[in-house]
Every structure is written in structure tokens, then in C-alpha cells.
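Heads up: the structure comes next, in C-alpha cells.
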Amino acid sequence: MQILKGAKDEGFETICICKKGRTKPYESFKVADKIIEVDDFSEYFKLEKELMDQKAIVIPHGSFVSYLGFENIQNIQAMHYGTKGIIEWESDRDMERKWLLDAGLKLPKIFDKPEDIDRTVIVKFHGADGGQGYFLANSPEEFYERMKESTSDKKYVLQEYIVGVPIYSHFFYSRLNNELEVMGFDKRYESNADSVGRIAAKDQVDAGIRTTYTVTGNIPIVLRESLLPQVFEMGQSVIDSSQKLADGGLFGPFCLEGILDPNLNFYTFEISARIVAGTNPYVNGSPYTWLRYNEPMSTGRRIARDIKEAIEKDELEKVLG
Amino acid sequence: MQILKGAKDEGFETICICKKGRTKPYESFKVADKIIEVDDFSEYFKLEKELMDQKAIVIPHGSFVSYLGFENIQNIQAMHYGTKGIIEWESDRDMERKWLLDAGLKLPKIFDKPEDIDRTVIVKFHGADGGQGYFLANSPEEFYERMKESTSDKKYVLQEYIVGVPIYSHFFYSRLNNELEVMGFDKRYESNADSVGRIAAKDQVDAGIRTTYTVTGNIPIVLRESLLPQVFEMGQSVIDSSQKLADGGLFGPFCLEGILDPNLNFYTFEISARIVAGTNPYVNGSPYTWLRYNEPMSTGRRIARDIKEAIEKDELEKVLG
Amino acid sequence: MQILKGAKDEGFETICICKKGRTKPYESFKVADKIIEVDDFSEYFKLEKELMDQKAIVIPHGSFVSYLGFENIQNIQAMHYGTKGIIEWESDRDMERKWLLDAGLKLPKIFDKPEDIDRTVIVKFHGADGGQGYFLANSPEEFYERMKESTSDKKYVLQEYIVGVPIYSHFFYSRLNNELEVMGFDKRYESNADSVGRIAAKDQVDAGIRTTYTVTGNIPIVLRESLLPQVFEMGQSVIDSSQKLADGGLFGPFCLEGILDPNLNFYTFEISARIVAGTNPYVNGSPYTWLRYNEPMSTGRRIARDIKEAIEKDELEKVLG
């Protein structure tokens, strides 16, 4: 919704593609000039001609990428904000890991097979399913036990569980001025992970409670200021590295999802090469964007500003990909 | 305080009724044009003539309702924002439950007697006492043990304890345009529930720590966007249902207090049919009100706007009750 | 950074003294008119002549005080915002405790020696090191065991661990109008303290996890409104008491760092007599400053406003010390 709101704030007209029966929020918040209802996002390609006739620019977000799949993203003919080629690199955990390692980031260890588990691991399933079904295991035995209970049949990854606080860092990189901006930080609000701690340890054990990681929302945070230089460096490395991976490289909004341990080491476990829900607390600007801009600058609006400036400079090709 | 600030922003003069010796915040934040100090809110009826002479409109909040009692609310002669008849429905747990069930919401199971406890339950005492004294029990034995330690002699309810994250959804419904708005979300900040998790499990057990639920404040959150259509539906059902319960039905600000479990089921355990403290993070607007309004719109200001528009349209009776 | 941003908003030019290679955030957020890079903050005194030539006013923050040491602060010749004499009182835990007790605040019990530990204590090391290395102990034995693992050789204090939620209260006191303002509240985001609760109790015990308290950021909160009168009183007592301790007393921004227990008792464990990072969520104003000011008022900007008003009234000496 901040994509739509931001576009309107920058003077664009907005079209929202939305599943049938789910239009209410867009109507109530008055952010869409036009709403197109679909049964399924796979209908996108039927709509594309209409979008192209209206000179629409597609702004991809997580659900859009997840529903369409990265292969179909490559077939988009309408104007598309951001580099399509980079989406494959964020969609596949092995490629993503290669990218982040190449950028010099610190990553949690990955175990090839369950038998190798020698510390606490988190078992994550492929695809942007909002963390649903993830679980912890301390040993091969515990892994197999919990897998039996699991309903997911997707590919999984066994990732070292870093004990530390989750921090999601939101960036924006423009190819118009080649500048990297820090847009803000958040932590996810996960069910039940962010509530099991509210139950006394004894009661947890009595009730046999285990942690799950379904994303339900986001909580705004600010980062310890002395860590900011490092955050800028991490963001820049990821951009530099991306330019070797896909023509055009990464630009626009992106997010590094990580853990900060008690020794202030940043472990990155994921990158999202697009706008993420963690910027939603900042519809009216974040503590960081208020430093740089004397107007409310959400990540959604920053995208629209990038496009607007590209049009003004006659460099629209620099924001499409 | 946002009620007073919001009223001033909409051009009203404000009167604050406040306990003796507690005026400092209202003075410092410059939100009250006039402060009336009372020894006890029961003095309200002595002041009523003065309020009526000044054409004051009473805006009820939680403490006001709690101190006065819903029976006395019915006797208010001054202009009163909101439907008085609905307050009884939120003040009595049995009536409240009937209302929410009628609205089709999912509710935690209620156990009639301690002997029926067959899972983790939370024991809640009647009245808006900010969660003080609530406790968990896993069995009839544990219930009786903790009741011996309890100092409360109020009626209690045995509610299934849903493991999931607490989310408080804030709404506003106006009878002028019959529109429902989502104003934002928060989670309560409870002592010690929101800090026991900061103690390692082993230390908790060593120190014999148990969870308590005293409300100390509120933390802003945003909700996973794909859940918004459901939230609008829940809010609308509650309004529709209320119209059968009390003449005029529910309007103005209200709050659904619930738990979102890992399968994204919303369990509602309470409704507040008035402005609540969970809207306080949003004195300058929430990420949601900034979508709809191009000005800072707190829930307090939204009330004042509703009254102002009613006066302008000569429909003041639509916001009084 | 909000100090620099706030100064610019009030029409001042800004100079930022910064360690070499760490200038990126100040450049990106465009808050510094001039950046002076140093190898170490001890070089401050070499720069002082230049600062004095430019009529700069030094605004001390936590890292500045920590790097320079309170003894060197006394030797600052340039104009310095705030009372230098009070910094010694916050820098030494024993003097700080004397101050807070004199102000009538409730403090956690202090144990003189490890053998006296008869409840859960938190072991804190002197100096503003962001909570790194703090640990819990339930007994003398546990204390000695964990001390063996500790890498810190600093003086420590054995403080009763109060079970309750951490709340940091931010104040501003101006000597121009002798008014105390509440600027907002936050909770720290600590690694791993704020994430161990995300791990189910059984898994914590299996993995042998212990709590650590490294500050990584801050989360905005609002306080239960009925507690505000008490918060104003606590702030005022601390100011009144400070006037006996150091000529000029405490003024400008300060922070009371405490725990609110389930019976709503405030335990204060520390005071910071300067701007702290906990005000960073409020670069664009807090829910409290938006009540009083009809413009975005961060704590950084409030400092600049104080200086500006002092200059206008020709009372600059009232904000220097």
C-alpha cells in the first residue's frame, strides 16, 4: 500500500492488481486510482496488454514475486521497476548464499545433511512463505522427529541458529546518482516466536511448547548508531557484487535480513531484492529518512521519486530492467 | 491526552477532568484549556451542570468507564459521544462473549469450572484493571495453588491460553458516512510478561519466576498486509452485530484485542467499545491513517473530526448516544 | 545524528567530529556542514582552538563522554552545553546511586560482596560499554563460575535483578523557563536478551543458553498514561537533587533507566545526564513532543532550540556549564 501511496504522493496515477474480494483495504485507504480484481496472480499476463496501453510501470513486491515465480518475472513485457535478472538470485537459496558470500558478508553455517547437525539449527523451507513451518533442532534425532510432524514437502535448508537479535536493514540504491541510502530498520513480529517468551519457562515445558516463525507483522527499531558505517558497507558490497551477477545489478529497495550477536557481529541469512513489509512502519518516513529528507519519505515513495527523476532526466531505462 | 490534543486540532476548546495532584502532564503538554480537579470521578455528576452549561461533549475512555461503572454511564445527562447502551455489553464478560460470537469471531474456549481445565488457561479477573493479577494454570491443581496466592476477590474467567502473538486492532466507525476505518495496531507492553523472556530458561526456573500481565505501556506494530481484508471484515461484523444489541449500535473508536496463532487464525478475547491506550503511539498519525489522510490523524482527533462534521451537517444526534 | 539534524533545523551550522573512515552516515544523511575526522577522540583538545574560533558549542553525547572521560570533560575550554560538574556524578556508580537515593527514587538493592548474593543479581561492569559482558547470577557459586568466563577486568557492581519490564524515560529541563518536559520512552533492544525468549524453554536448556545484554538498538514505546504524573515527579526530584551536587545542576536532556515491576513500582538503576540513543526513534518527534509542539521536536532539536532561545534572550550562560 505504501507503493501506491508513494506513487500518488509523487503525482502518478495508480493501478492495484488484487485478488477478488480483497479490495477493501485499498478502497478504505484511498491509495488506488483503479483496482483490477483477479482470481489469481497468474492472470497477470492476460492484463499485461492493458497495463502496457496505460504505460504502467510494474513495481514488484514479495507476494507478486512469490505468486508469479522468478521464471515468469523474466517474461514481463510491461515496464518493470528493478533488474529482473537479480530476482533469480534471491529466489534460490544456494545462489543467494553465493551472492552474499561473494559480497563478503558473514553467514550462518549451512549443514549439508541432517546427520551433520552438531549445534542448534533452524530448518527453513524454500520460497517466500512468511516463515511458516520453520523449526529448531539440536540434533539429527530431533530433526527427524520434528520432520515427521511437518506438513511441508518443500526443499529445506539446515542453517546454524545464531543466538542474537533479528534486525532487518532496509536500503535504497539509485542508479541515477549511484547513491546508497539507509531507509530504516525493523524486526519481524513472529507467531509464536515473539510470544513464547511471555510464558514462564516452567509453563512452557509443562505445556510442551515449541517455537514457530510465522510472520504476522513488523515492529519499528532504530540501530545503535555506531553500527551504521558497517551497515552502509554491507549494503554497498551487496550492490557491487550484484553487478557481476546480473546485467544492471541490484537497484531500488532491498533488505538484508540478519542477526546481530552479543559481540556485534552481523550474520546475514537472507536478502530481499525488492521492497519488503518491514518498511511498512514507515509510511510517513522513518527516523532515518527524516534525517535526509524534509518531507515524509517511505520506501514506496522513494521508488516513485526514482522513477519521476528518471523521467525528468530522460533516463527511464536506468530504473527499468 | 490525544483526545484533548485532537479536539484542539479540530478547533474545539477542551476541559479535562482529572484527579487532584495529577494535573502536571495536562499542563506540560498544553492540551487542556481548562482543568477541573476532583477527589474522585464519582464527583462527575456534581460537575455535570457546569459541563452542560458549557455545551461540553463527554468523551468516555477506559478509566472513566471503569471508575464510573456502566450503570452510572447510563445516567449521564450531558452530551455523550458514543452509544451508552453498548458499554454494558463490553463491561460484562458473558455479554461481551455473546456479542463476539454473534459477530462470528473465533474466541478462546471458556471453562466453566476449574475442574474442567485440560490445557493451559489464563485466569482473568473482571473489570478493566489493566491485567493486574492475571495468571496461567495448566491444571485444576495449579489453579487452586495460585488462587491461594491471589489477592483478588473479583469474579474470574478461565480462558484457554492461545499460544500466539498478541495484536490489538484499532478501528473507527462513523455513522455520518457509515464507513469503517482501520486506525492501526499495537501490542501491549506487560510486566513481567514482556520481560520474563529476557531471562534464560534455566535462570527462570532457578528463580521460580511466573508470568504476570500488568499493562505498563504499548509498542507500535504494523500487521502483515495480507491479513487486512480479514481485519476489516472482523470490524464490520462487530458493528453489524452491535446494532441488534443496543439502539444506535457501536460507533466511534473501538478495539479488538486478540491473538494471532502460527496458522494465522485470529482469536479475539476482548472488545473495547471506546478509545484505548493502544492508540497512544499514534498521536501524530499511524502508518495506516497516513495512508488515508494527508494530515496527522490520531484516534483522538478522528473523534473530534466526527463531531465537527456532525455539527457542520447538523447531524449531531448521530454522534451522541 | 539527531543533534546535528536538530541544530540545522534551528538554523545553526554543524560540525561533526568523527573517527576516520566512519563519515559515511553523516554524509548520506546530510546533517553535517563540516566533518572533522580524527584517529581518536583524545585529539579533541588539538581541535579545540579551531572550534573556539568558529564559536562552536560542544554538545556532549554518550560516546564522547565515554571516550574522553569525565576528568577531561572538565578541561573543555570551548562552549559546552550542559553542566560539566554533573558528569562525574553519572560516571561513577557510587556517586550516581547517592544522587538517585537523595532524589527519593526506588533503587535495586546492591550487594557489597559476592558472598552476600541471596537472590538473582545482575553483574554490571563500570563504564558506558553498552551493556556488553553483563551477566546474571543466582548464587555466589554461579557468580564465580561466570566470572571465570568473563573477559572484563573492570570494576563491577552486584545489583538485585528486578523482574519487570525495562523502560527508559527521556526528559528535558530548560533553565530558561525552569520547565521539565517528558520527551518520550523507549526500551533497549539487547542481544541476546531480547531474543532468548524466542527460543522455547526446552531448546534453551538443551543449548545451554545464557543471557547477555549488548545494546543493539532501541524500540519506541508509550507509557501507561496514569503513570505520567509519577514520571514527572521522578524527573523533577532528580533535577532538584542535582542542584545540591554541582553548581548549575542538571539541565538539558537526561534519561532515567529503570524497570517497572508488576505492581507498577519504578526501580531506577541508572541516570544519563545527557542525550541518549533511546531518543533516536523520535527524530521526527515522539508521541509526547507532538502533544506539546506543533512541529517535529526531537531531543536533538530541543537542545538547539534551548541554545537559540538563550541567544535571543542574551542568556547564553544559562545553557553553558
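Would a scan of the range C:20-36 turn up a residue that is small (Gly, Ala, Ser) and within 20 Å of the chain's Cα centre (by Cα)? Within the range C:20-36, none of the residues are small (Gly, Ala, Ser) and within 20 Å of the chain's Cα centre (by Cα). Taking the criterion of being open to solvent by less than 40 Å² (accessible area, probe 1.4 Å) and either not charged (D, E, K, R) or not in a helix (DSSP H, G or I) (or both), the residues of the range A:32-52 that qualify are A:ALA32, A:ILE36, A:VAL38, A:PHE41, A:TYR44, A:LEU47, A:LEU51.
When the criteria are applied in full, A:ASP118 meets the requirement of being more than 9 Å from chain C (Cβ to nearest Cβ), within 20 Å of C:ALA201 (Cα to Cα), open to solvent by 30 Å² or more (accessible area, probe 1.4 Å) and part of a loop (DSSP other than H, G, I, E, B).
Within the range B:53-77, being surrounded by 14 or more Cβ atoms within 10 Å (Cβ to Cβ) and closer than 20 Å to B:ALA304 by Cα holds for B:ALA56, B:ILE57, B:VAL58, B:ILE59, B:PRO60, B:HIS61, B:GLY62, B:SER63, B:PHE64, B:VAL65, B:ILE76.
Of all the numbered requirements in (1) without any contact (Cβ under 8 Å) to a residue 12 or more places away in the chain; (2) part of a strand (DSSP E or B), A:ASN177 misses one, and that requirement is (2). Whether any residue in the range A:181-191 is more than 9 Å from every other protein chain (Cβ to nearest Cβ), open to solvent by 30 Å² or more (accessible area, probe 1.4 Å) and farther than 30 Å from A:GLY285 by Cα is what I want to check. No: zero hits. Within the range A:139-174, the set of residues being part of a loop (DSSP other than H, G, I, E, B) and hydroxyl-bearing (Ser, Thr, Tyr) comprises A:SER139, A:SER150, A:THR151, A:SER152, A:TYR161. For the range A:197-206, taking the residues that are open to solvent by 40 Å² or more (accessible area, probe 1.4 Å) and more than 7 Å from chain C (Cβ to nearest Cβ), the one that is nearest to B:GLU141 (Cα to Cα) is identified as A:ASP206.
Scoring B:ASN263 on the criteria (1) touching a helix residue (DSSP H, G or I) at 6+ places or on another chain (Cβ under 8 Å); (2) under 29 Å from C:ALA201 (Cα atoms); (3) without any contact (Cβ under 8 Å) to a residue 40 or more places away in the chain leaves a single failure, condition (1).
Residue pairs whose Cβ atoms lie under 9 Å apart, sitting 6 or more positions apart in sequence or on different chains, and linking a residue in the range A:12-29 that is farther than 27 Å from A:ILE311 by Cα to a partner that is part of a loop (DSSP other than H, G, I, E, B) and open to solvent by 40 Å² or more (accessible area, probe 1.4 Å), are A:LYS19/A:ASP39; A:LYS19/A:ASP40; A:LYS20/A:ASP39. Those helices (runs of 4 or more DSSP H) of the range B:213-320 in which at least 1 residues are more than 10 Å from chain A (Cβ to nearest Cβ) and open to solvent by 10 Å² or more (accessible area, probe 1.4 Å), considering only elements entirely within it, cover B:228-245, B:299-312.
Please verify whether the range A:287-301 includes one or more residues that are over 25 Å from C:PHE29 (Cβ atoms) and without any contact (Cβ under 8 Å) to a residue 60 or more places away in the chain. No - not one qualifying residue is present in the range A:287-301. All conditions but one from (1) under 15 Å from the mean Cα position of the chain (by Cα); (2) over 26 Å from C:PRO220 (Cα atoms); (3) at pLDDT below 95 apply to A:THR214; the one that does not is (2). Here A:ALA7 clears all of (1) out of contact with any Phe, Trp or Tyr (no Cβ under 8 Å at 6 or more places or on another chain); (2) of a type in the set (Gly, Ala, Ser); (3) open to solvent by 30 Å² or more (accessible area, probe 1.4 Å); (4) part of a helix (DSSP H, G or I) except the condition numbered (3). Take the residues of the range A:17-31 that are part of a helix (DSSP H, G or I) and either open to solvent by less than 20 Å² (accessible area, probe 1.4 Å) or in contact with a Cys (Cβ under 6 Å, 6 or more places away or on another chain) (or both): which is farthest from the other protein chains (Cβ to nearest Cβ)? Only one residue fits best here, namely A:TYR26. Of the set (1) touching a strand residue (DSSP E or B) at 6+ places or on another chain (Cβ under 8 Å); (2) modelled with pLDDT under 95, all apply to A:LYS34 but (2).
Within the range A:74-86, the set of residues being among the aliphatic types (A, V, I, L, M) and out of contact with any strand residue (DSSP E or B) (no Cβ under 8 Å at 6 or more places or on another chain) comprises A:ILE86 only.
The values are calculated or read from the model by the stated rules, or taken from the named source; none is laboratory data. Note that the structure is a prediction, hence the values are computed from the model and not measured. Positions of Cβ are backbone-derived with ideal geometry, glycine not excepted, and every protein chain shown enters the neighbour counts. All accessible areas refer to the heavy atoms of the entire protein, side chains included, with ligands and DNA or RNA removed. Shrake-Rupley method; radii C 1.70, N 1.55, O 1.52, S 1.80 Å.
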